[in-house]
1. Calculate the spin-label point distance for residue B:265 paired with residue B:408, positioning each point 7 Å from the Cα along the beta-carbon direction, and give it in nanometres.
2. Using a 7 Å offset from Cα along Cα-Cβ at residue B:120, what residues in the stretch B:217-250 end up with backbone N under 13 Å from the label point?
3. Can you tell me which of C:242, C:337, C:202 moves the most in a GNM of chain C? Springs connect C-alpha atoms under 10 Å apart.
4. Taking residue B:313 as the anchor, which lysines have their alpha carbon closer than 29 Å to its alpha carbon, excluding any fewer than eight residues away along the same chain?
5. Taking the Cα atoms of the protein assembly as shown, what is the range of coordinates along each of the three principal axes, in descending order and whole Å?
6. Trypsin sites (Lys or Arg not before Pro), restricted to the stretch B:114-209: which are DSSP loop and have at most 10 other Cβ atoms within 10 Å?
7. From the C-alpha coordinates alone, can you work out the Kirkwood hydrodynamic radius of the stretch C:283-434, in Å?
8. Considering only DSSP beta bridges whose two residues both sit in chain B, what percent are antiparallel, to the nearest 5?
Amino acid sequence: MAFTTEQTSVMDSIIARYPRKRSAIMPLLHFVQSIDGYVTNEGIEVIAEKLELATAEVTAVSTFYTQYKSKPVGEYHVGICTNTLCAVMGGDAIFASIKEHLDIENDGVTKDGKVSVEHIECNAACDYAPVVMVNWEFYDNQTVQSVKDLVDGARAGNPPAPTRGPKTLRTWKQNSAVLAGISDGLANEGVQAGAPTLLGLKKAKGGN
Amino acid sequence: MSTEVTVEMITCVIDGFEVTVPKGTLVIRAAEKLGIQIPRFCDHPLLDPAGACRQCLVDIEINGRAFPKPQASCTIPVENGMVVKTQLTSPVADKAQKGIMELLLINHPLDCPVCDKGGECPLQNQAMSNGRETSRYEGVKRTFEKPVAISSQVLLDRERCVLCARCTRFSEQIAGDPFITLNERGALQQVGIYEDEPFNSYYSGNTVQICPVGALTGTSYRFRARPFDLVSNDSACEHCASGCAMRTDVRRGKTLRRLAGEDATANEEWNCDKGRWAFKYEVKNRISTPMIRNAAGQLEEASWPEALAAAAKGLTNAKVGVLVGGRSTVEDAYGYSKFARVALGTNNIDFRSRINSAEELEFFAAANSTATYKDIDNADQVVLLAFEPEDESPIVFLRIYKQVRKRALKVSTLTPYTSRGSEKLNATVIKMVPGNEVAAISAINGLTGKSVVLIGERLSETPGALSAALELVNKSAAKLGYVPRRAGDTGAIAAGAVANLLPGGRLVSDATARVDVAAAWGASALPTETGLTTNEIIGSGTNAVLIGGVDPFDISAEAKLSLSKKFVVSLEIRESDITDIAQVVLPVAAVVEKSGSFMDWQGKSRKFDSAVESLNRSDVRILSMLADEIGKPINLPTVSAARKEFEAIGNWDGAKPSMKSTGTGASLNVGADEAIISSWRNLLDKGSLQEGEDNLAGTARATTAVISQSRASALSVKDGELIRVSNTYGAVTLPCTIADIDNSAIWLPRNSTNSQLIKVLGTVGNSIVKVSKA
Amino acid sequence: MTKLTPVLSAHWDEPDSFTIAAYKRNGGYTAVAKALAMQPDEVIQMVKDSGLRGRGGAGFPTGSKWGFIPQGDNKEHYMVVNADESEPGTCKDMPLLLANPHVLVEGIIIGSYAIRANYAFIYIRGEVTHVVRRVQQAITDAYAAGLLGKNILGKGFDLELVLHVGAGAYICGEETALLDSLEGFRGQPRLRPPFPAIAGLYAKPTVVNNVESIASVPAIINNGVAWFGGMGTEKSKGFTLYSLSGHVNNPGQFEAPLGITLRELLELSGGIRKGHKLKFWTPGGSSTPIFTDQHLDVALDYEGVSAAGSMLGTKALQIFDETTCVVRAVLRWTEFYKHESCGKCTPCREGTWWLVQALKDLEAGRGTEADLDKLLDLCDNIMGRSFCALADGAASPIISSLKYFRQEYLDHLSQGGCPFDPAASTLFENAGVK
């Protein structure tokens, strides 16, 4: 599907953020994912044209970063942290059981296209381990059961809200637009911090 | 004169030996100067340092302070007080290198016995010289689907790749064609293309040559030979006037591959894919014996004495002319030059087997083409006039591009539209609008003594343009470089294979000059009349013509027919359109079979010896025999005799005449459905030396007609849709490209598939064609 | 007992802490007014004098970094904030930005003013959508408040601030890889020299600082050098965020003076989980050599940790109790480095590939004691041989774990597999149940 005039003008506004246009390649790739769900050939070609690059140069960039997908992912892309700390604290067990629960492999997508699963590396939330990300929203202190409920809810169209994130979980494409720098107006939703974040402050104030 | 800057010298100690090198020299290269070879893969002297492979680690201390860990010698410039210990004197460096080598090999297949690179492989060699005896790796090696055709002429075996990024850096930094890139990352990092855009760079073959392993191979050469079975010969490229040093590798009398040779004053270490991969013409349809046309009109094999006698008979007592092919060596061109004057008594000689004008003859006499590659290196700006370097002299392009990349050299180009080459050079396009070229040239200003003006042979196609260009050069004292397309042209001018010049630039019209040459030749006198041009020789001016390696369809649509009515003697390597009409055919040696020299556009001579043994002889030897037969010997029995005599004559020191011709370009009235045609030859096209090179042809640029947006709108065609270009001769149908060309103009490739303009339209420029939607 | 010093985290417990209103309510954006009234060089001097050192891992003095930017060179200067936080165990910048992005924005304005940059970037990792929302909103609100854009606070200083979202590459935390990534290339480290201060973003003088370092600047401007130096130790001045995670009763963020010990932090977090004891820990993320229970009293400042054989790094204290198999832990980190190796240089690309295979064999009990020596030799061929420090980080956990837990590796070999029950390490009862 071709990009609309409106979409290409958003691309132009992304390019305009930067002193040099090549810098816009990453937000543009996020933006392509917000429309197509993954980095399509058409997306690569449009970016190459807009930034005056060879298509190979765009491919070189898109394949370097793991968030850019070369094939479609689910509407809800579940990333389970299996870096050492999360793995040890339960991430490995969650990852194994969710693959079995959904009957898919790593990087697989459920047949209904709703959920995909990927094991991810450390997501900067170790004090909330084990951590699961859905569409790059934090789901803290997860268990095998909580993640089963999470993916089941996602498949049924009513995933639970992120622990530290907006009130409602947004789709992969919607969140990709946020990563492209396009505001969805949800910054004020959700908590400012979880309990572990506040622990030191609480202690400093004499709390227990 | 370029001002020589004094370079600061640095002295350091490597493995106990002191070495003094210019400031900025990298440790790895300073070591080379001492004969110390530090192993390396990613390092290449003409590419930006990468420091990626880490094979060249050495221990370094500066003024007694040691780096805490070994350093990559390919990225660190020498400093005063630096003490370097390589693998030869530092156990730490030695272990570091062995460790890196072991890591490079863990995923490298042990397929050396079937790998093209085996026997000349830097990985293989350095694994032996700087590696461990055995590997400790017991795991599973990385594998990939193999090979991947990244273009029709280059294959990629990713599992062999050591990811040194020489190829990708070359493509980006040297060629400006970043069509291959490193994709993915980590252990899965691999060289690749975008799936719909192959590695169609004119320079792609260099990546095969600099690949330090067998990851990139040439389709045409793959699995054809072992390096140790090849005999290598230094050679020169016959495809254009860039002047590339080459290496020709031969096995059992057959050329199997050609590589770029090294010459810092010309091609550095690169060449183009045509030079590398177009050589099969040497063996196709070769003429092996002399032939004479019999009474029935058939060519019949003949003995040399019979053929020479027939040729001599036909050429004497005739209105005779000589057409010299554009690929003649200097020695052969000299032979033709002397043969015309001494044996035939005429100045009717012309090397221009292409569009030609009388104005251009004046230009040859008047122009002082002195520019060199070094002048480009030092130029404050470069102006290109009717010269598309990427297509017409690819190394000139690389050398300009190098300066554009390095120091944003200013380039302006007089051309019909912004070509890909112009884009890469970030060139200011001076629009070549039909009828306006002369004014455009005259309007160029801001040139200084450090500017370089490069003139292509196509400028002669516009009346008055060469005069205007020469005036521009003269008034600004800029350096002039005349860059003809063919390898033999500069030498042919120097040898006097042209109607108004004798060897060394001596004017036919100058009595002293004639006396000079006559004396050197032992002739009583030389013909005094300026001779005929190619067009005139083909036209009514002659009834007998001696032709060496000319394609009549490079000249005009009618040339063949016109020549067929004359007594034609053909000196040729293989059957051609001239063979069809010749009365006498004399086989001559192909470039690989003979010795000789080419003079590049800088006027620099590159000598070469025969690479392949052959019974065929160089043109000059045949001409010498023919002259004997005619009874007016030219005494050039060998190539070396010709060279010696030519060099002894030397260059003329007399004054250059000024140009008299003037003109204001074409003046044509263009109707709404019409356009004025312009063209040049794409590097890869239907040129006869590229015949049979299918893999090479696969990377040629698409044949398209360039039109303006408003013409496209008027025709209601979109980019890529077919249009028809026609005149009374014929028509071509090809897809259009919309670009910044003038509304009155259309550009087509001159000699590409479906766009062989002379054959089909009878014109290459400055005439009106009809343009319609196909 | 070291006292906690909440500065950055002081108001995180207010539900609207991330808004510009809350930030201003708590004294935010007063430092920028002070700084803009100073000469840029005075600001640099003040940060130098404070002794603030980089909080991203290397601990380079922030003020000196700013001082390297050539002045009067008629070139654009850039300030780039490294918010790529991806080092395993490191989890301080993301909660900081979630709870109070404005402190970073204020720090950026001050820093940019000091180095005479009119363009600044925050390079944030891409896998944190909600943090992106918060930072983006902070920037938008700061523009609206006249704190970004033209003529900030009427002082004639212009600054554009762009949030640049990464896309999943640990290596982009390396500053030159970050710059390449920001320029639109593959995030692979650059040759140095030239250093970013001379030729950074777009080959122009550039400062790259960690989030926490820049976020610390407004407090220094407001409270002064003496106040800042009053915290921490002689060479490691000030406060910082320590992130405790793993097998402790209450993991979380603790803002304390540099030099606090793990023993103290464990006490604050309620100790190792009940019935278990400390086995090993990282002082500053997975790239820092591991410590054991011998190191409970090591002063967690740059010098103290270094003297004990590791690095302060990002102060990411990942705590593992005795249920954790060190071989498994190390293997998983090694897999991380393999996954994140950019591929540019041989020792990292090929070395991490090999290390993973070697460790997998050892974890499965395949091999002999000689393979441990081979593994160490392999680390020796990787460490200090690579283009950037990523591969050093890969070798660190292996070398340090073999130093302290060689026997555990041997146990795997003698028992033909891992002697540990992974379920015992998890936080939940049914971990082994599928």
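Laboratory data are not the source of any read-out in this text; all were calculated from the coordinates shown. Quick caveat, the model's predicted, so the values are computed rather than measured. Glycine also receives a Cβ, built like all others from the backbone with ideal geometry; neighbour counts cover every protein chain displayed.
1. 3.3
2. What the label zone holds, given the 13 Å backbone N cut-off, is B:217-218, B:221-235, B:246-250.
3. Of C:242, C:337, C:202, the most mobile in the Gaussian network model is C:202.
4. Partners within reach: B:338, B:560, B:565, B:566, B:594, B:632.
5. 121, 67, 64
6. Answer in residue order: no site qualifies.
7. The Cα-based Kirkwood calculation yields 16.1 Å.
8. Antiparallel: roughly 60 percent of the beta bridges in chain B.
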